[in-house]
1. Quick check on my filter: what residues within the stretch 90-116 are open to solvent by 10 Å² or more (accessible area, probe 1.4 Å), within 24 Å of Leu181 (Cβ to Cβ) and not aliphatic (A, V, I, L, M)?
2. Filter the stretch 268-293 down to the residues that are among the aliphatic types (A, V, I, L, M) and assigned to a helix (DSSP H, G or I) and list them by number.
3. Taking Leu284 as meeting all but one of (1) over 25 Å from Tyr384 (Cβ atoms); (2) touching a residue at least 12 places away in the same chain (Cβ under 8 Å), write down the number of the exception.
4. Take Met307 and tell me if it is in a helix (DSSP H, G or I), in contact with a Gly (Cβ under 9 Å, 6 or more places away or on another chain) and more than 22 Å from Val382 (Cα to Cα).
5. Restricting attention to the stretch 176-224, which residues are outside any loop (DSSP other than H, G, I, E, B), of a type in the set (Gly, Ala, Ser) and in contact with a helix residue (DSSP H, G or I) (Cβ under 6 Å, 6 or more places away or on another chain)?
6. If Phe354 meets every condition in (1) surrounded by fewer than 16 Cβ atoms within 10 Å (Cβ to Cβ); (2) more than 23 Å from the chain's Cα centre (by Cα) apart from one, which number is that one?
7. Only one of Thr344, Thr327 is part of a helix (DSSP H, G or I) and out of contact with any Ser or Thr (no Cβ under 6 Å at 6 or more places or on another chain); which?
8. Among the residues of the stretch 130-138, is any on the phi < 0 side of the Ramachandran plot, open to solvent by 30 Å² or more (accessible area, probe 1.4 Å), touching a residue at least 40 places away in the same chain (Cβ under 8 Å) and in a helix (DSSP H, G or I)?
Amino acid sequence: MWSALKHQAFRWLFFSTLVSLIGSKIHRVALLFVAYQETQNAVWVSLILGAQFLAKAVLGPLLGPLADRYDRKTLMVISNLVRAFLVACIPLFAMGSMPLLMVLAFLMAVFESIYYSASNSAIPDLVSKSELDSANSLITFVDRFADVSFVALAGVLVAGVGPAPAFWIDVVSYLITAAFLVFLPTLPGKAGKGNYFAAVAEGLRPLWQNPVLRRTVGTLALAAAFGSVEAALGIVYAIGALKIGVQGFGVLEALMAAGAVLGALITPFLIGRLSRETVFLMGLGIWGLFLASTGLFPFPLWAGIAMVAMGLLNSMFIVPARSIVQTAAPPELRGRILAAFGSTMQSAVLIGTFLAGVLEPRLGVLAVLILSGTAVSLAVLVVYVRGGIPTPLSETKAS
């Protein structure tokens with residue numbers, strides 16, 4: 001997995017992502033804490049999370065052409081500087097105003113979408129084709145590592161000294177990230193400067209016209225629509241079914257994140273022996289079985305084992321999926337396609353959250369987990385029977 005770090009430009013992106021994520025994990029806990037502390041009302045917490053979702057799911061594809069038209073390095077630097085300014089506004093004058101806090105959360109998610117569209121589009125230009133999976137594994141690794149290492153720290157920090165220091169830590173992390181990114185080479189977009197909205201549509205079309213993208217994104221979106229009920233019902237499962245309380249829920253979340261770190265280490269090794277497409281379908285299909293098993297065997301010990309396995313398998317299908325999309329997307333459309341990919345996943349997660357809310361009161365949390373996990377595995381089985389995921393044409397020519 002570590003081979004991609006031999007490329008100096010990718011090293012700057014890797015370390016900048018790590019620093020940014022440390023601040024973001026701490027900031028997220030502080031943001032939700034402020035929303036609830038100030039209002040004693042979970043509605044504002046939901047509204048702030050909803051504002052962030054709306055920015056990523058709806059505006060993500062509309063902002064995609066930026067990463068194809070303009071220098072991606074410049075976009076990443078600007079997005080971090082703007083986010084530093086927006087976060088600084090929270091402790092300065094926004095902590096007592098929930099509408100203003102919601103607007104700031106929305107704007108931060110907008111610039112986060114720009115950053116990740118540009119950074120994910122830049123990765124194939126910073127490493128060799130043979131090291132693309134290694135690079136994507138490392139980016140997944142730092143995200144999960146930040147979950148394991150800094151979410152709990154954020155809770156201790158916010159509880160001990162209040163949320164304001166957490167926001168200032170995030171401001172500093174964005175400024176350091178911007179400084180690291182200055183050392184990247186120029187990464188100019190490869191698309192023309194024609195009609196902007198025509199360019200948006202041009203980036204959406206390949207999701208259903210390109211057979212590789214259609215099957216990869218379609219399979220993952222369908223699985224996310226069912227599988228994301230786990231995220232929505234995790235607290236209900238821990239408290240209501242397992243009887244282990246909110247502390248137990250935190251332990252299960254940490255176990256899943258730890259499994260994902262392990263998966264990020266293992267996945268490049270697997271892809272070196274199997275194809276990306278095989279690892280993607282295998283990881284996703286087995287993940288569905290483990291999700292169903294949490295409903296079939298509602299025991300704390302098994303739940304812990306299943307969470308580690310699901311975290312590991314999550315990396316096993318996310319890493320190759322990202323590599324498949326990056327290699328299947330034409331370079332001049334890569335930013336738009338990755339933005340549309342992210343938006344599709346966000347929309348699928350929203351569907352899963354809605355399904356969880358509708359089905360759980362009627363069927364119970366255990367039945368919903370069983371049905372959802374089974375649906376994920378069946379979706380993968382149908383794709384496999386129909387021929388699986390085609391190899392991207394560029395990879396076929398390379399071989």
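1. Of everything in the stretch 90-116, those that are open to solvent by 10 Å² or more (accessible area, probe 1.4 Å), within 24 Å of Leu181 (Cβ to Cβ) and not aliphatic (A, V, I, L, M) turn out to be Phe106, Phe111, Glu112, Ser113, Tyr116.
2. Within the stretch 268-293, Leu270, Ile271, Val279, Leu281, Met282, Leu284, Ile286, Leu289, Leu291, Ala292 meet the criteria.
3. In the conditions (1) over 25 Å from Tyr384 (Cβ atoms); (2) touching a residue at least 12 places away in the same chain (Cβ under 8 Å), Leu284 misses (1) alone.
4. yes
5. Within the stretch 176-224, Ala178, Ala199, Gly203, Ala221, Ala223, Ala224 qualify.
6. Among (1) surrounded by fewer than 16 Cβ atoms within 10 Å (Cβ to Cβ); (2) more than 23 Å from the chain's Cα centre (by Cα), Phe354 violates only (2).
7. Working: Thr327 fails: out of contact with any Ser or Thr (no Cβ under 6 Å at 6 or more places or on another chain).
Exactly one of Thr344, Thr327 is part of a helix (DSSP H, G or I) and out of contact with any Ser or Thr (no Cβ under 6 Å at 6 or more places or on another chain), namely Thr344.
8. The first filter runs over the stretch 130-138 and keeps only residues on the phi < 0 side of the Ramachandran plot, leaving 130-138.
Remaining after also requiring open to solvent by 30 Å² or more (accessible area, probe 1.4 Å): 130.
The next check asks that each one be touching a residue at least 40 places away in the same chain (Cβ under 8 Å); those that pass are none.
No, because not a single residue in the stretch 130-138 is on the phi < 0 side of the Ramachandran plot, open to solvent by 30 Å² or more (accessible area, probe 1.4 Å), touching a residue at least 40 places away in the same chain (Cβ under 8 Å) and in a helix (DSSP H, G or I).
The values are calculated or read from the model by the stated rules, or taken from the named source; none is laboratory data. Owing to the predicted nature of the structure, the values given are computational and were not obtained by experimental measurement. No Cβ is skipped: glycine too gets one built from the backbone with ideal geometry, and neighbour counts run over all protein chains shown. Each accessible area value is taken on the protein alone, full model and side chains, heavy atoms only, with ligands, DNA and RNA left out. Shrake-Rupley method; radii C 1.70, N 1.55, O 1.52, S 1.80 Å.
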